[in-house]
Every structure is written in C-alpha cells, then in structure tokens.
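Worksheet: the structure to be examined is printed underneath.
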Amino acid sequence: MEFVVMENEFSALIVATNVTLRDVLAALDRNGKGVVFLIDCDQVMRGLLTDSDVRRALLHGASICDPAEQYMNRNYIFGTLPKEKTENIALLDEKICSLPILDAAGHVVDILRLADLWRLPVMEPVLKGKEVEYVLDCLATNWISSQGKYVERFEESFGMYLGLEHALSVSNGTAALHLALAALGVGPGDEVIIPDLTFIAPASMTVLCGAKPVFVDVCRTTWTMDPCLVEACITTRTKAVIPVHLYGHPCDMDPIMEVARRYGLYVIEDCAEALGAEYKGRMVGSIGDIGVFSFFANKVITTGEGGMVTTGSAELYNKMRLLRDHGMTREKRYWHLVTGFNYRLTNLQAAIGLAQLEKINVFMQHREIVVKRYAEQLQDIQGIHLPPQEIWAKNIYWLYSILIDQEQSGLCRDTLMRHLAVHGIDTRPLFYPLHQQPPFSDQVDSHFPNADWLSASGLSLPTSNNIRLDDVDKVCSVIRSVMKNKSIFRNYDIRQDSIETKETVFC
Ligand SMILES: Cc1ncc(COP(=O)(O)O)c(C=O)c1O
C-alpha cells in the first residue's frame, strides 16, 4: 500500500514502515542521527531502526532490498504526553540519544535529543560514594539535626586530613568567616586586610563585624594577595589579615605570616576554594590562626551548603564552638555565656560531607589528569595564559581558569565565553575586584592594576571532579577554533547578556 510521511520538523527522522533497508540507510545518511522512526499509513509509530540494527541485519544475511519492517525494533522506548519534560529526559542516556515523544494515538509529536540538551557545567557535584547510605542512616535513626555521629565523624576526619586537632563544622563558608572574625574579637574600629580579587565573603563578614576591610592588590603570578604590599596597609587599627587561596592556588604564606606576627595580627586563611592545596608541603588551613572552608555544591567536596573552621588552638576552637552554638555552655543547657549564633551543620549534611571526604583522593587524582589534559592542549595557543603554578605550591585547580591576553590574542575574554556557551560549555568570569563593587566605593582612590587585569582577562572552564577527558578535549577544541579563526567572530558581550553586532573583532 502506498502512503506518505507527513512533512513536519521531524521528517528527517521518520520513514514509512513499507520502505526497504536501502531507504532506511539513505534516511540515516541524510539525518546523521543514527536512528529512524517507522510509522504506518495512519502516521502511528510502529518501530525504530538504528545504524547498528541495519548493520547487524546486513551482516546476518539481510538484503538491502528487504522490507525494513522485518528488522525494526518494536519494543522501543518512547516518551509520552502529557508528562513532565524531566520524566522524558530521564529516559535519555548514551544509548538512547533520540527519544520519540508520542501522543495517545501513537503519533510522533516531538523528539528529545541528548545532543540538544548537552551542557557541560563549570562544576557539578559527584555523589557516587556512600552519600545515600549515610543519609538514609540519618533518616532511619531520626538524627537529622545538628547532633549525631556524622557531625563528629566528619569533623574528626576533616581534622585528620589537614593534620590538625580541631575542626568545627558550620553551616557555610560565610558563617565560617564570621565565626572566625568574631572569635578573634574583630569589631568596630578594627581593620582587616583582604585581597582585592576574591569572592566577597571575607569583606562582607568583616563589615558585618563592624570592622573595615582594607584591600590589597594581588600578584599576577599567583592571583593571590601580594605579600610585599601587606605591610604598607597596616595601621594601628589593623587586627587581622585574610589571605584567600584563590581558585585553588595557595598564597605565599611565609612572608604574610612573618609580617602578621611582627605586627601582632591574626591570620585567617580563606581556603573555601582550596581544600587539599599545599604551601611548601603544608596543607592550607593549617598555617594561620584559623582556616575556613566552604562545601557549597561547586566546591571540591560538598554538603550542599556547609563549611568548616580549623585551628591548632584549643582556646580558639572552644570560643568558636561556643559562638556557633548560641553561646550556650556545654555544661548547663540553656545557659548562655555570650551572645552567639546558630551556625551548625546538620547530621544529614555531615553524612554527605563524610562520604565526600572519603573520596577526596580519587577526586584529586582525576583533577590532576584533567589539569594535565587542559595544559597539554592550551599551552601553545598564543594569548592564552594557563593558571598559576608556583614551584612551592600544590594548586588543586578548584576551577581550571585561564587568562586571555587581549593584546597578544586580539580577542576578548567575553567573546570566547560567548562562543563556548553556544557550544553548551559553561564558563565563569573571574571575580570582579572588590574595590569596583558598590559596597566598597570608599576605596576607589587606591589602585589595583593586577586585580583589574586578571578580573578582565580570566575565565574558569569546566572542572567537575568527574569531567570526562573527551569533554575536556571538546572545550579545548572550541577554544582552539575560536582563537584560530578570531577574525571571523563578531564581538559578543556576555556580561550584558546581549549580542553586539559590531563588525570589529577586537574589543
Ligand atoms: C573565597 C571564598 N570565601 C568564602 C566563600 C563563602 O562560602 P559559602 O558559599 O559556603 O558561604 C566562598 C564561596 O564561594 C569563596 O569563594
């Protein structure tokens, strides 16, 4: 019987059931999707054939003139309407790359393609260890709040990982900073020295304490606080310094500690982005008076939201513990020695944290391979600078971040980001310098040329703990092609979320 396939947007994927294997091969060749859907004269889907199905049939003696219907797969997977799109998406995987969506009558009304949904995030959590087992244990035993064995085990394991006696879990990295500053007695009239290039939390928590953040420029070689500039920022009001181990590279701690000790200043290491990084063989977070960590979902290990403070001092640990728990003494319930906060981590979060920490060496090993792969493919491209790596440092490359030197490359960072986004590749610009931001406009007189330059030039590439090497290759190949063909790319400005259609390549 003669019948026609109705023309629609999916036509390239659809053939009639009465065609031959030759027709199927021709359709597969045309659509390049590796699959065709077969429909009958009522436009109802009856089966599908993939490249491999046809290959297998021919290898087993089928003739190219045989009816396709004879070999089609009738037990295929399909999505239905009405259904939550997410339920249909869940049916897609590496084998099922094109999913027909059928209405109640069996007509193909949509096609979901894995390729259309493909998106490579900058950083996504990997929760494939004992996270579920431990969380279910919390639920089964009712220990879901901030008391329970996982809080203790997570804190103990974290301390051991850093080689420190005291680790105290908190609700997030920002709370960790606030707790550290409060425990050190930072308050109104005090000043705290902070690198100009960082996430805002160290500065905003200083302000929350009533103190003033004083910004210092960063080094181009480490992207972190320039130790040579710290002393010039010290006044009689300076109480503390917060070196931030930015993007996983440690600060040059010896000169920072030396000047801090000489002037009697406290040092809080902000290790939110650098768990596992080392300075001259010492773990970050174990060098200053207090270390603070974040376990937000984009960090090396995560608890969803969460954080940790670490210290070698029993006195500081006890102070932070008191302040974290409403200032309530552990000896007498509801008796508050000081006014404090509730910055506790829940047992549920700690359960996830413990499972994550158990995997940290696996994560680190994979990160080393990924970093090597990025470096191999990007190192020779003119105008691209790879992330910092000082001889004395173990960088954990929280987010593999590169600089686009506009003068050398003739291409601006935002143009590259825009093209990566078009290919489904997520990136982030480096942080904006703090002195440029509205809450700190009183410091506009100072100059921070390195922070300004790094911020305008840098972008972070996908660096998840389980990122596939072929995805790294894909990122690098898009970068190579944009850098090579930059003269044909227009100038996109991603920060304004608009596409400028200037004919010029340079910006
Ligand atoms: C350097 C730095 N400090 C502090 C924080 C705050 O951590 P959290 O998001 O857990 O509050 C972050 C967060 O990304 C950070 O990057």
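Just to check your reading of the model, which residue among 83, 95, 128 is open to solvent by 60 Å² or more (accessible area, probe 1.4 Å), more than 28 Å from the chain's Cα centre (by Cα) and not hydrophobic (A, V, I, L, M, F, W, C)? Walk me through how you get there before you give the answer.
Numbers: 95 fails: more than 28 Å from the chain's Cα centre (by Cα); 128 fails: more than 28 Å from the chain's Cα centre (by Cα).
Only one candidate qualifies: 83.
Among residues of the stretch 69-93 that are under 27 Å from residue 23 (Cα atoms) and touching a residue at least 40 places away in the same chain (Cβ under 8 Å), those with a beta-carbon under 8 Å from a residue that is open to solvent by 100 Å² or more (accessible area, probe 1.4 Å) and not aliphatic (A, V, I, L, M) at least six positions away or on a different chain give the pairs 69/46; 72/46. Residues in the stretch 156-195 that are within 29 Å of the chain's Cα centre (by Cα), in a helix (DSSP H, G or I) and away from the ligand (no atom under 15 Å from the Cβ): 156, 157, 159, 160, 161, 162.
Here is a yes/no grid of residues against (1) open to solvent by 10 Å² or more (accessible area, probe 1.4 Å); (2) away from the ligand (no atom under 15 Å from the Cβ):
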position: 199; (1), (2): yes, no
position: 205; (1), (2): yes, no
position: 222; (1), (2): no, no
position: 227; (1), (2): yes, yes
position: 238; (1), (2): yes, yes
position: 241; (1), (2): no, no
position: 246; (1), (2): no, no
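For the stretch 248-258, the set of residues classified as open to solvent by less than 10 Å² (accessible area, probe 1.4 Å) and either in contact with a strand residue (DSSP E or B) (Cβ under 7 Å, 6 or more places away or on another chain) or more than 13 Å from the ligand (Cβ to nearest atom) (or both) consists of 249, 250, 251, 253, 256, listed by residue number. Here residue 462 passes the criteria (1) open to solvent by less than 50 Å² (accessible area, probe 1.4 Å); (2) more than 20 Å from the chain's Cα centre (by Cα); (3) at pLDDT 95 or above except the one numbered (2). Among the conditions (1) under 26 Å from residue 365 (Cβ atoms); (2) more than 10 Å from the ligand (Cβ to nearest atom); (3) buried (at least 24 other Cβ atoms within 10 Å of the Cβ), the only one that residue 283 does not satisfy is (3).
Return a yes/no flag: does the stretch 105-115 have any residue that is in contact with a Gly (Cβ under 6 Å, 6 or more places away or on another chain) and under 20 Å from residue 38 (Cα atoms). No, there is no match, as no residue in the stretch 105-115 is in contact with a Gly (Cβ under 6 Å, 6 or more places away or on another chain) and under 20 Å from residue 38 (Cα atoms).
Do you know which of the residues in the stretch 309-341 that are under 36 Å from the mean Cα position of the chain (by Cα) and hydroxyl-bearing (Ser, Thr, Tyr) is most open to solvent (accessible area, probe 1.4 Å)?
Here is the first cut: in the stretch 309-341, the residues under 36 Å from the mean Cα position of the chain (by Cα) are 309-327, 339-341.
Next, from what is left, pick out any that are hydroxyl-bearing (Ser, Thr, Tyr): 310-311, 313, 317, 339.
Working: 310: 1, 311: 3, 313: 38, 317: 37, 339: 127 Å².
Among residues in the stretch 309-341 that are under 36 Å from the mean Cα position of the chain (by Cα) and hydroxyl-bearing (Ser, Thr, Tyr), the one most open to solvent (accessible area, probe 1.4 Å) is 339.
The condition of being of a type in the set (Ser, Thr, Tyr), part of a helix (DSSP H, G or I) and farther than 21 Å from residue 104 by Cα holds for only one of 63, 52, that being 52. Among the residues here, residue 270 qualifies as within 21 Å of the chain's Cα centre (by Cα), surrounded by 21 or more Cβ atoms within 10 Å (Cβ to Cβ) and either charged (D, E, K, R) or assigned by the TED database to the domain that holds residue 397 (or both). Checked against (1) at pLDDT 95 or above; (2) part of a helix (DSSP H, G or I), residue 115 passes all but condition (1).
The values are calculated or read from the model by the stated rules, or taken from the named source; none is laboratory data. Keep in mind that what you see is a predicted model, and the values were worked out from it rather than measured. Every residue, glycine among them, receives a Cβ derived from its backbone with ideal geometry; neighbour counts consider all protein chains shown. Note: accessible area is taken over every heavy atom of the protein model, side chains too, but ligands, DNA and RNA are not part of it. Shrake-Rupley method; radii C 1.70, N 1.55, O 1.52, S 1.80 Å.
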